[in-house]
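In what follows, a single structure is set out as structure tokens and then discussed.
The values are calculated or read from the model by the stated rules, or taken from the named source; none is laboratory data. Given the structure is predicted, the values throughout are model-derived calculations rather than measurements. Don't worry about glycine lacking a Cβ; one is built from the backbone with ideal geometry, like all the others, and counts go over all protein chains shown. Just the protein is used for accessible areas: all its heavy atoms, side chains included, with ligands, DNA and RNA removed. Shrake-Rupley method; radii C 1.70, N 1.55, O 1.52, S 1.80 Å.
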Amino acid sequence: MTSPRAPLPLPAFPAAFLWGVSTSAHQIEGAADEDGRGPSTWDAFAAEPGRIRDGSTAAVATGHYHRYREDVALLKELGVGAYRFSVAWPRVLPDGSGPVNAAGLGFYDRLVDELCAAGIRAVPTLYHWDTPLPLETGGGWLSRETAYLFADYVDTVAARLGDRVEQWITLNEPAELTLLGYGLGEHAPGRRLLFDALPAAHHQLLGHGLAVAALRARGARSVGIANSHGPVRPASDSAADTGAAELYDLLTNWLFADPLLLGRYPDEGLAAALPGPVDEDLETIAAPLDFYGVNYYQPTLVGAPVPGEGDGGFAGVGLPAGLPFAPREIPGQPRTGFGWAVVPEGLRELLHGLRERYGERLPPIVITENGCAYEDRVADDRRVDYLDAHLRELHRAMTEGADVRGYFVWSLLDNFE
């Protein structure tokens with residue numbers, strides 16, 4: 001077996017630049033019904049016939065819950081500076097609120113100790129889509145109460161881990177949970193509400209703001225969020241295609257960034273349709289951040305819908321008829337095992353776009369996810385080439401003024417995905 005060919009040396013990044021890897025609890029931990037962990041929305045979703053292609057569940061996954069010491073040893077061997085993992089809400093609070101599951105919280109206590117002993121920064125993400133199932137049956141993120149229960153859970157975790165954790169992430173990709181989980185039903189909790197899913201976006205952002213306050217009260221000095229972003233390109237210069245692309249851009253990018261960084265929603269009509277005292281909530285949502293996490297995978301080409309087309313799919317996601325936009329495949333690009341286009345220059349394009357839109361309101365950026373999935377090979381130039389190309393584009397963006405402080409590869413481990 002030959003090793004992957006060695007790429008050319010990378011350009012020099014700043015000495016303090018943070019190199020890390022990322023995972024999520026549901027995708028790697030396993031031990032789904034052990035030590036008092038409660039069920040999550042993803043447990044219920046995966047158990048429904050036909051939801052997962054081969055009927056797999058994450059009941060075992062890669063066994064990180066039992067093998068975390070081996071995994072931390074791998075991190076140390078790799079020489080990475082930080083491990084971004086997620087804390088499973090149903091492992092800490094099986095019902096979403098109420099009594100703490102001491103065994104579950106103890107796992108993360110031991111994990112952080114292990115990381116500290118190895119000289120690796122622990123970067124917990126406090127929510128990565130695995131809502132405790134009892135909360136979902138009560139409305140999940142469509143309910144305003146969930147935002148307050150999330151802040152209480154965050155306080156519980158920070159009280160236990162805050163003496164050793166210096167960097168926190170509140171939410172991972174609220175856009176995906178809103179659009180894929182509540183809007184299109186392709187992810188847990190599997191609801192197909194289309195635009196009626198928008199309250200889930202607002203309540204997640206409110207939960208983030210309340211969590212920031214809870215973390216600050218516990219002495220946290222570095223707090224951010226991990227938002228998914230990608231450039232949106234119109235399929236043509238026509239008014240129909242550019243209008244469709246602008247709407248898609250608003251819903252996938254700016255709906256989740258503008259409230260955080262500008263203290264307002266990108267569209268007044270949209271804001272008026274959201275529940276609760278939105279203006280008051282925005283003051284909480286826009287609490288200052290120490291860094292802004294960006295998950296980047298690919299740009300999206302978007303055009304106006306074509307009459308007679310619908311019920312199709314894009315990048316593995318089923319799309320119903322009647323949407324006011326139509327994502328399309330980017331031609332002429334290599335693809336990952338997920339079918340996602342490999343466009344390294346999109347990362348640089350994105351970073352410049354964020355800087356232009358937010359200016360001084362944009363905190364330092366951390367790339368909290370970037371990576372690729374392919375069918376497994378021990379020696380695989382595709383993965384090396386993917387990371388090499390994206391890191392070169394990242395370095396170019398930094399030399400052109402982008403303030404980026406770190407880069408996390410998704411994922412440390414193979415996972416249930």
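Observations on the model:
- Of the criteria (1) among the small types (Gly, Ala, Ser); (2) farther than 20 Å from residue 410 by Cβ; (3) in a loop (DSSP other than H, G, I, E, B), which one residue 339 fails: (2)
- Apart from one condition, residue 260 fits all of (1) open to solvent by 20 Å² or more (accessible area, probe 1.4 Å); (2) under 23 Å from residue 150 (Cα atoms); (3) free of Cβ contacts under 8 Å to residues at least 60 places away in the same chain; the exception is (1).
- Hey, residue 373 on the phi > 0 side of the Ramachandran plot, at pLDDT below 95 and aliphatic (A, V, I, L, M) or not: no
- Any hit, region 23-33, residues being among the polar types (S, T, N, Q) and open to solvent by 10 Å² or more (accessible area, probe 1.4 Å): yes
- Filtered residues of region 305-335 (kept if farther than 22 Å from residue 181 by Cβ and at pLDDT 90 or above): 305, 328, 329, 330, 331, 332, 333, 334, 335
- Residues in region 170-207 that are under 14 Å from the mean Cα position of the chain (by Cα) and either under 20 Å from residue 138 (Cβ atoms) or of a type in the set (Phe, Trp, Tyr) (or both): 171, 174, 177, 178, 181, 187, 201, 204, 205.
- If you check 32, 15 for being farther than 19 Å from residue 131 by Cα and at pLDDT 95 or above, only one passes: 15.
- Filtered residues of region 170-201 (kept if of a type in the set (A, V, I, L, M), at negative phi and either open to solvent by 10 Å² or more (accessible area, probe 1.4 Å) or touching a strand residue (DSSP E or B) at 6+ places or on another chain (Cβ under 9 Å) (or both)): 171, 175, 177, 179, 180, 184, 188, 193, 198
- Hey, residue 383 in a helix (DSSP H, G or I), open to solvent by 20 Å² or more (accessible area, probe 1.4 Å) and in contact with a Cys (Cβ under 7 Å, 6 or more places away or on another chain) or not: yes
- Exactly one residue out of 236, 228 is open to solvent by 30 Å² or more (accessible area, probe 1.4 Å) and either touching a strand residue (DSSP E or B) at 6+ places or on another chain (Cβ under 6 Å) or more than 18 Å from residue 353 (Cβ to Cβ) (or both): that is 236.
- Within region 156-172, the set of residues being assigned to a helix (DSSP H, G or I) and among the β-branched types (Val, Ile, Thr) comprises 156, 157.
- Sub-7 Å Cβ pairs linking a first residue in region 393-417 that is closer than 14 Å to residue 10 by Cβ and of a type in the set (Phe, Trp, Tyr) to a second residue that is open to solvent by 30 Å² or more (accessible area, probe 1.4 Å) and part of a strand (DSSP E or B), at least 6 apart or interchain, are 407/19, ordered by first then second residue.
Residues are listed down the side, and each one gets a yes or a no for (1) among the small types (Gly, Ala, Ser); (2) touching a helix residue (DSSP H, G or I) at 6+ places or on another chain (Cβ under 8 Å):
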site: 96; (1), (2): yes, yes
site: 103; (1), (2): yes, no
site: 107; (1), (2): no, yes
site: 110; (1), (2): no, yes
site: 113; (1), (2): no, no
site: 119; (1), (2): yes, yes
site: 123; (1), (2): no, no
site: 131; (1), (2): no, yes
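- Residue that is surrounded by the fewest Cβ atoms within 10 Å (Cβ to Cβ), among those in region 148-169 that are farther than 19 Å from residue 203 by Cβ and out of contact with any helix residue (DSSP H, G or I) (no Cβ under 9 Å at 6 or more places or on another chain): 163
- Among the residues listed as 83, 65, the single one being part of a strand (DSSP E or B), modelled with pLDDT of 95 or more, of a type in the set (Ser, Thr, Tyr) and surrounded by 21 or more Cβ atoms within 10 Å (Cβ to Cβ): 83
- Just one of the listed residues (71, 43, 109, 54) is touching a residue at least 40 places away in the same chain (Cβ under 8 Å), of a type outside the set (A, V, I, L, M) and either open to solvent by 70 Å² or more (accessible area, probe 1.4 Å) or closer than 21 Å to residue 369 by Cα (or both), and it is 71.
- Filter result for residue 123 (assigned to a helix (DSSP H, G or I), closer than 22 Å to residue 410 by Cβ and open to solvent by less than 60 Å² (accessible area, probe 1.4 Å)): no
- Exactly one residue among 400, 356 is surrounded by fewer than 19 Cβ atoms within 10 Å (Cβ to Cβ), in contact with a His (Cβ under 8 Å, 6 or more places away or on another chain), at pLDDT 95 or above and charged (D, E, K, R), and that residue is 400.
- Qualifying residue in region 211-230 (condition: free of Cβ contacts under 8 Å to residues at least 12 places away in the same chain and among the small types (Gly, Ala, Ser)): no
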